[in-house]
Structures are given as structure tokens and as C-alpha cells.
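**Student:** Structure incoming, see below.
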Amino acid sequence: MGSVVLPHLRSGWHVDQAIMSEEERLVVIRFGKDADPSCMAQDETLYKIADRIKNFAVIYLCDIGEVEDFNTMYELYDSCTIMFFFRNKHMMCDFGTGNNNKLNWVLEDKQELIDIIETIYRGAKKGRGLVISPKDYSTRHRY
């Protein structure tokens, strides 16, 4: 349901316009294949939180099979990747995984995802390019 309702970016130009045109809100773009089960699960979560975060973030979807312009530039090799942009600047977040550029796993907990987006937005408003995630996702704490 989520991938049907959320706005899709159908070309590289649309992705650029989405990133450049938003002045006050965080731009959240889910890159992946719309038919992939992990993307479908992530899209459902994004759809559920979209109304709650609409004041400080906007969510877009981009199919990397349809729009291949950014696959090499952003290293979009995972089945589902979420990236964040604020005022035409790529926002990074330290999740404790070693990759600060993107969120490249499915996060189905709505409140966790809202907390991450809100943390990145608050850091972006303060002029920071890298923020620390509210939760450490490193594997050392999972056993």
C-alpha cells in the first residue's frame, strides 16, 4: 500500500528537483526496487509515519531500476536504501554500522524511524552534516 500512495520520483531530474526545491523540510528518499519485498515492508512503514512527520520531513520513493542516474554516485547496491537531504545537502547519520551515508536495512519500527528522521532534521537545522543516531545499530550489542 505504501509504495502506491507515496510520491515516486520517475527520473534523475525529478530526484534533483525534490532535493533542491525543499527549503525547510528534510527530504527522505527511499531508493530501491518497488517490487522487492524488503522495499514493500519499508514503504509500508514510511507510509504509516508520513502524516506524523509532514511538518519537518517529506518522503519520496525512487526505483533504482527505473532511475539509474544515482546508483553509482550514491553506491545504491542494496535492495532498500533510505537517504536524507536538507537544503540540497546530503545529511549523514552515524548508526554505528560504519556506513554513515545511508540507512540500508529495513526498519519496521515506526517510532524508531520517526526518531531517526527527527534527529537528522534537528541536526540539519543546526547546520550539522553528520548526526548521531538515537540508537546504536552496531552488531556488537545484539548478542
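The values are calculated or read from the model by the stated rules, or taken from the named source; none is laboratory data. The model shown is predicted, which means the values in this text are computed figures rather than measured ones. FYI the Cβ positions are ideal-geometry reconstructions off the backbone, even for glycines, and counts take in every protein chain you see.
**Student:** Hey, can you tell me all the residues within segment 76-128 that are free of Cβ contacts under 8 Å to residues at least 12 places away in the same chain, over 24 Å from residue 12 (Cα atoms) and either of a type in the set (S, T, N, Q) or touching a Phe, Trp or Tyr at 6+ places or on another chain (Cβ under 6 Å) (or both)?
**Tutor:** Residue satisfying the conditions is 111 alone.
**Student:** Next question, about the same structure. If you scan segment 14-39, which residues turn out to be aliphatic (A, V, I, L, M) and modelled with pLDDT of 95 or more?
**Tutor:** 15, 18, 19, 20, 26, 27, 28, 29
**Student:** Counting only residues that are in contact with a Pro (Cβ under 6 Å, 6 or more places away or on another chain) and buried (at least 17 other Cβ atoms within 10 Å of the Cβ), give me the strands (runs of 3 or more DSSP E) lying completely in segment 1-117 with at least 1 of them.
**Tutor:** Ranges flagged: 57-63.
**Student:** Select from segment 81-111 the residues that are charged (D, E, K, R) and either in contact with an Asp or Glu (Cβ under 6 Å, 6 or more places away or on another chain) or closer than 25 Å to residue 35 by Cβ (or both) and list them in ascending order.
**Tutor:** Matches in segment 81-111: 102, 108, 109, 110.
**Student:** Filter segment 38-83 for residues that are among the small types (Gly, Ala, Ser) and either under 15 Å from residue 107 (Cα atoms) or more than 14 Å from the chain's Cα centre (by Cα) (or both) and give the result.
**Tutor:** Scanning segment 38-83 gives 38, 41, 50, 65, 79.
**Student:** State which residue pairs qualify: first residue in contact (Cβ under 8 Å) with a residue 24 or more places away in the chain and inside segment 1-24, second residue in a helix (DSSP H, G or I) and of a type in the set (Ser, Thr, Tyr) in any location, beta carbons under 6 Å apart, and separation of 6 or more residues or different chains.
**Tutor:** 2/47; 5/47; 6/47
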